[in-house]
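The values are calculated or read from the model by the stated rules, or taken from the named source; none is laboratory data. Note that the structure is a prediction, hence the values are computed from the model and not measured. Here the Cβ positions follow ideal geometry from the backbone for every residue, glycine too, while neighbour counts run over all protein chains shown.
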Amino acid sequence: MIYLEQIGYYLPSTEISNFSKLDKFDIQEEFLVQKIGVTQLQIKNSDEETSDMCVKAYMDLQSKAKFSHDDIDCLVVCTQNPDNFGLPHTSAIVHDKLKLRQDCAVFDISLGCSGYVYSLSILKGFMINNGFKTGILITADPYSKIIDPSDKNTSLLFGDAATATLLTTSTDNTWKIGHFLFGSDGSKHGAIHVDSQRTFVMNGWEVFNFTAKYIPQHIHQTLEKNNLTLEEVDQILLHQGSKYIVTTIQQKLNVSEEKIPFLAQKYGNTVSSSIPMLLKDVNLSYNRILICGFGIGFSWGSCILERN
């Protein structure tokens with residue numbers, strides 16, 4: 001079996017206050033706090049590459065967990081904003097920067113806000129099929145590379161972050177990874193895209209309507225697949241799309257804000273890093289968590305994590 005053992009992370013040091021943008025975008029403080037929910041963003045430096053963020057998240061993970069470079073059998077990077085437009089794959093650059101073993105398998109996965117859940121499933125299966133004992137899943141998707149600072153639909157929402165998740169065969173204080181459930185609607189691919197000028201474009205209302213319609217029922221289906229009820233999970237960790245999106249799902253499921261929290265006030269929507277950014281700080285008394293990612297594609301996926 002493959003288990004989730006530990007999570008490291010990296011947040012860039014540059015902090016940008018969204019309160020300073022209220023006049024620029026002609027919005028009220030109440031709207032910023034209650035609907036968007038993000039009061040501060042952390043943005044990478046212009047000379048900082050995606051692979052640099054990956055390495056820093058990895059180093060944080062290594063400070064928390066007992067493993068060495070030589071233990072790593074495989075490393076996966078989930079990103080849609082790689083180094084050098086994706087050639088070569090960012091995981092190869094990370095492999096070089098970390099000086100990993102030559103027989104360590106590395107590859108990238110191009111997915112956005114659902115990326116952590118998809119990548120977790122892919123890496124778990126890859127490790128089982130190849131008899132690997134130690135794998136690293138890194139998420140790093142600095143949207144600051146493609147966001148127009150004058151676009152209030154995106155520049156108030158997206159921050160930069162990276163995470164590194166350790167998957168091992170250890171059963172000591174780890175998470176058992178349960179059954180996954182996935183979904184896609186490629187007919188909505190135009191709702192979130194990069195235009196011909198390499199600028200990020202998002203139709204916020206279309207994203208919200210999709211989320212409100214599909215994600216609550218998808219969560220119920222994930223619980224059913226794992227033979228669980230809503231009451232039997234301690235917490236549901238959603239992709240932190242915005243406070244309005246998270247609150248809408250929480251209300252549709254008729255659960256408390258504690259059960260479905262929005263906690264990205266100080267760093268924003270960090271795409272594939274948003275779920276592990278929550279999971280790293282989960283309450284130690286919680287034994288069963290549902291994680292759910294959704295967004296660009298449209299693409300969505302969920303699974304259950306249960307403490308050993």
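For the residues I93, I146, I128, the requirement of being within 21 Å of Q6 (Cα to Cα), out of contact with any Leu (no Cβ under 8 Å at 6 or more places or on another chain), in contact (Cβ under 8 Å) with a residue 24 or more places away in the chain and not charged (D, E, K, R) singles out I128. The single condition among (1) closer than 23 Å to A191 by Cα; (2) surrounded by fewer than 18 Cβ atoms within 10 Å (Cβ to Cβ); (3) touching a residue at least 12 places away in the same chain (Cβ under 8 Å) that R101 does not meet is (1).
D195 falls short on exactly one of the conditions (1) surrounded by fewer than 20 Cβ atoms within 10 Å (Cβ to Cβ); (2) touching a residue at least 24 places away in the same chain (Cβ under 8 Å); (3) not assigned by the TED database to the domain that holds K44, and that condition is (2). Pairing each residue of segment 39-50 that is closer than 18 Å to S17 by Cα with any residue that is charged (D, E, K, R) and surrounded by fewer than 19 Cβ atoms within 10 Å (Cβ to Cβ), provided the two are 6+ apart or on different chains, yields C-beta distances under 6 Å for Q40/E15; Q40/K266; Q42/E15. Among the residues of segment 1-34, which ones are small (G, A, S) and in contact with a strand residue (DSSP E or B) (Cβ under 8 Å, 6 or more places away or on another chain)? Correct list: G8, S13, S17.
From the list K24, K35, the lone residue that is farther than 30 Å from T174 by Cα and surrounded by 13 or more Cβ atoms within 10 Å (Cβ to Cβ) is K35.
Out of all the residues in segment 1-33, which are over 19 Å from the mean Cα position of the chain (by Cα) and more than 20 Å from Y267 (Cβ to Cβ)? Hits for segment 1-33 are M1, I2, D23, K24, D26, Q28, E30. For segment 122-149, which residues satisfy the criterion of being among the small types (G, A, S) and over 18 Å from K280 (Cα atoms)? Once the filter is applied, which keeps residues that are among the small types (G, A, S) and over 18 Å from K280 (Cα atoms), segment 122-149 yields G125, G131, S144.
Within the set L237, L284, L279, the sole residue that is outside the structural domain of F85 (by the TED database), without any contact (Cβ under 8 Å) to a residue 12 or more places away in the chain and either under 21 Å from L61 (Cβ atoms) or of a type in the set (K, R) (or both) turns out to be L284. Answer yes or no: is there a residue in segment 228-237 that is under 19 Å from the mean Cα position of the chain (by Cα) and either under 28 Å from H189 (Cα atoms) or among the aliphatic types (A, V, I, L, M) (or both). Yes, some residue in segment 228-237 is under 19 Å from the mean Cα position of the chain (by Cα) and either under 28 Å from H189 (Cα atoms) or among the aliphatic types (A, V, I, L, M) (or both). Somewhere in segment 262-275, is a residue over 21 Å from I16 (Cα atoms), touching a helix residue (DSSP H, G or I) at 6+ places or on another chain (Cβ under 6 Å) and crowded, with 21+ Cβ neighbours inside 10 Å? Within segment 262-275, one or more residues are over 21 Å from I16 (Cα atoms), touching a helix residue (DSSP H, G or I) at 6+ places or on another chain (Cβ under 6 Å) and crowded, with 21+ Cβ neighbours inside 10 Å. Of all residues in segment 84-97, those satisfying the criterion of being over 9 Å from C54 (Cβ atoms) and surrounded by 14 or more Cβ atoms within 10 Å (Cβ to Cβ) are G86, H89, A92, H95. Screening L167, L230 for residues that are on the phi < 0 side of the Ramachandran plot, touching a residue at least 24 places away in the same chain (Cβ under 8 Å) and in contact with a strand residue (DSSP E or B) (Cβ under 6 Å, 6 or more places away or on another chain) leaves exactly one candidate, L167. Elements of the type strands (runs of 3 or more DSSP E) sitting completely within segment 1-103 and holding at least 3 residues that are more than 22 Å from L263 (Cα to Cα): these cover 74-78. Within segment 45-90, the set of residues being within 20 Å of S272 (Cα to Cα), in contact with a strand residue (DSSP E or B) (Cβ under 8 Å, 6 or more places away or on another chain) and among the hydrophobic types (A, V, I, L, M, F, W, C) comprises M53, C54, A57, M59, L61, C74, L75, V76, V77, C78.
For I138, the test of being part of a loop (DSSP other than H, G, I, E, B), in the same structural domain as L11 (by the TED database) and surrounded by 17 or more Cβ atoms within 10 Å (Cβ to Cβ) is failed.
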